Amino acid sequence: GKTYRLYDKPHHRLLQSLWRGRRSYYREFSALHDVSFELERGQTLGIIGRNGAGKSTLLQIICGTLHPSAGNVQVRGRIAALLELGTGFNPEFTGRENIAINAAILGLSQREIAERLDDIIAFADIGTFIDQPVKTYSSGMFVRLAFSLATSVDPDILIVDEALSVGDGEFSRKSFDRIYAMKERGTTILFCSHSLYQVEAFCTRVMWLNEGRLQAIGEPHDVVRQYDMFLAGESFAVKPMHNAMAMLRKRFIKGVPICG
C-alpha cells in the first residue's frame, strides 16, 4: 500500500513536525490499498485502469523509486523502466552522456557500454541531437532515447508505463517489435496502457486497478471485458444526465418554462 499526507497549506507541514503527532494537520490519501500479486519469470502483465487508479504508483514502487507505506516488494532480476518522460536523465547532459551514466547505473560495465553505444544511438535515431543537452529534446526524442537504452541493457524485467504513446507510428512499430523479441527471449514485462487492444493482444495476464485497489487479475480477455463493462456502465450513468441538461438548456433558450 501507499498512503500520502495531503496538507491544505504549506506551513501545516511545519506545524505537524512541531506537534509531533499530537495533532494532525493533514489528510491521508490512499493511492494503493492492499495490492498483492506474483509475476513469474517470462510472463507479461498488462495493467489497466482509469487515470488516478494507482498504476504509476505501483510501478514506481516495483522500480524502487517509491517506498511502500505498507507491505513489501520482492524483485529478482535487473529492472529497466520507462516511466515518466526524462526520469533518470540529467537535463544538462547530452544524450550520449546520459546513456553512459544510466547504462552504468543499470549495471553495464564500461566495456559493455562502449560495445552497445552505437546500437543504442542508431535505434534512438535522433540524429545530431544525441550530442545536445537533453533539456532541448522533444517528448518524442526523450522516449526514443529512453526506450533504446532500457531495452539494450538485457533487463530481466522491463516496465513500460504509457511512455510509447507519445512516439510516432514508425517508432511505435519498431519499439513493439523489440518488446515482442524480448518477450520471446523470456523477459518479464509489465505493460501499462490505455490501449486495451494492445494489452489484450500482447499480455499473458492483465491486472485492473480501480481507486488504488486490485479489482481483478487474470486472463486478458476476461479482465479487459470486465473493465469494458465497467466503463460502459459509467458512461450509461453519465449520459442520461447530459441529455437531461441539454433538454433543459434547449427549453430555456426557446423560452419554455422549465417547471410547470
Relative contact order in percent for the chain (Cα pairs under 8 Å, 6+ apart) equals 26 percent
Suppose only helical runs count, i.e. DSSP H with n ≥ 4. What mean residue ellipticity at 222 nm does that imply for the chain under -39500 (n - 2.57) per run, divided by all residues and rounded to the nearest 500 deg cm²/dmol? -14000 deg cm²/dmol
Residues meeting the amide H criterion for N210 (H placed from the backbone, H to H distance under 5 Å, 5 or more places apart or on another chain) are Q215
The stretch 14-130: relative contact order as a whole-number percent, Cα under 8 Å and 6+ apart: 14 percent
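Please give me the summed charge of the neighbours of V134: other residues whose Cβ is under 13 Å from its Cβ, Lys and Arg +1, Asp and Glu -1.
With Lys, Arg at +1 and Asp, Glu at -1, the net is 0.
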What residues have an amide H closer than 5 Å to that of L66, excluding those fewer than 5 places away on the same chain, when H is modeled at 1.01 Å from N in the peptide plane? I61
Just for the chain, what percent of DSSP beta bridges are antiparallel, to the closest 5? 40 percent
So what does T44 come to for accessible area, using a 1.4 Å probe and Å² rounded to 10? 0 Å²
Apply the Karplus curve 6.51 cos²θ - 1.76 cosθ + 1.60, θ = phi - 60°, to the phi angles in the stretch 52-59 and return the couplings in whole Hz, x for Gly and Pro. x, 6, x, 5, 5, 4, 4, 5
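So how do R116, R13 rank on accessible area, 1.4 Å probe, biggest first, that is with the largest at the start? Don't skip to the end; give the middle numbers.
On the way: R116 55, R13 145 Å².
Result of the area sort, largest leading: R13, R116.
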Name the residue from M182, S24, M141 whose Cα lies farthest towards the positive end of the charge dipole of the chain, charges +1 on Cβ of Lys and Arg and -1 on Cβ of Asp and Glu. S24
Give the calculated FRET efficiency between L117 and H67 to the nearest 0.05, with a Förster radius of 30 Å applied to their Cβ-Cβ distance. 0.35
Could you give the angle, 0 to 90 degrees to the nearest 10, between helix 139-150's Cα long axis and the longest principal axis of the Cα atoms of the chain? 50 degrees
Assign unit charges at the C-beta atoms only (+1 for Lys and Arg, -1 for Asp and Glu), then state the dipole size of the stretch 97-238 relative to its Cα centre in Debye, rounded to the nearest 20. 80 debye
Karplus (6.51, -1.76, 1.60) ³J(HN,Hα), θ = phi - 60°, over the stretch 189-199, in Hz, Gly and Pro reported as x: 10, 10, 10, 9, 7, 8, 7, 5, 4, 5, 4
Per-residue HN-Hα couplings for the stretch 170-182, Karplus 6.51 cos²θ - 1.76 cosθ + 1.60 at θ = phi - 60°, whole Hz, x for Gly and Pro? 5, 5, 4, 5, 5, 5, 5, 4, 5, 5, 4, 5, 5
For the stretch 62-132, with the dipole built from +1 on Lys and Arg beta-carbon atoms and -1 on Asp and Glu ones, taken about the Cα centre, which of P68, L106, F123 lies farthest toward the positive end? P68
Pulled fully out, how much extra length does the chain show between T128 and Q43, if you take 0.36 nm times their separation in residues and subtract their Cα-Cα distance? 26.9 nm
Give me the number: length gained by fully extending S17 to F230, i.e. 0.36 nm times residue separation minus the C-alpha to C-alpha distance, one decimal in nm. 72.5 nm
Nearby aspartates and glutamates by direct alpha-carbon distance to K55 (threshold 15 angstrom, same-chain neighbours under 8 apart not counted): D34, E84, D161, E162, E211
What angle do you read, to the nearest 10 degrees and between 0 and 90, between the alpha-carbon axis of helix 220-253 and the longest principal axis of the chain? 40 degrees
Please compute the length gained on full extension between E211 and S138, using 0.36 nm multiplied by the number of residues separating them and subtracting their Cα-Cα distance. 23.1 nm
Please give the charge dipole size of the stretch 122-203, origin at the Cα centre, charges +1 on K and R Cβ atoms and -1 on D and E Cβ atoms. Round to the nearest 20 debye. 60 debye
Quick one: order K55, K183, K174 from most to least accessible surface, probe 1.4 Å. K174, K183, K55
How much accessible area per residue does the chain have, in Å², with a 1.4 Å probe? 59 Å²
How would M141, M229, M182 line up by accessible area, probe 1.4 Å, largest first? M229, M141, M182
For the chain, give the percent of accessible area contributed by carbon and sulfur heavy atoms, probe 1.4 Å, rounded to a whole number. 53 percent
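The values are calculated or read from the model by the stated rules, or taken from the named source; none is laboratory data. All figures in this text were calculated on a predicted structure; none of them were measured in a lab. No Cβ is skipped: glycine too gets one built from the backbone with ideal geometry, and neighbour counts run over all protein chains shown. To get the accessible areas, we keep the full protein, side chains included, count just its heavy atoms, and leave off ligands, DNA and RNA. Shrake-Rupley method; radii C 1.70, N 1.55, O 1.52, S 1.80 Å.
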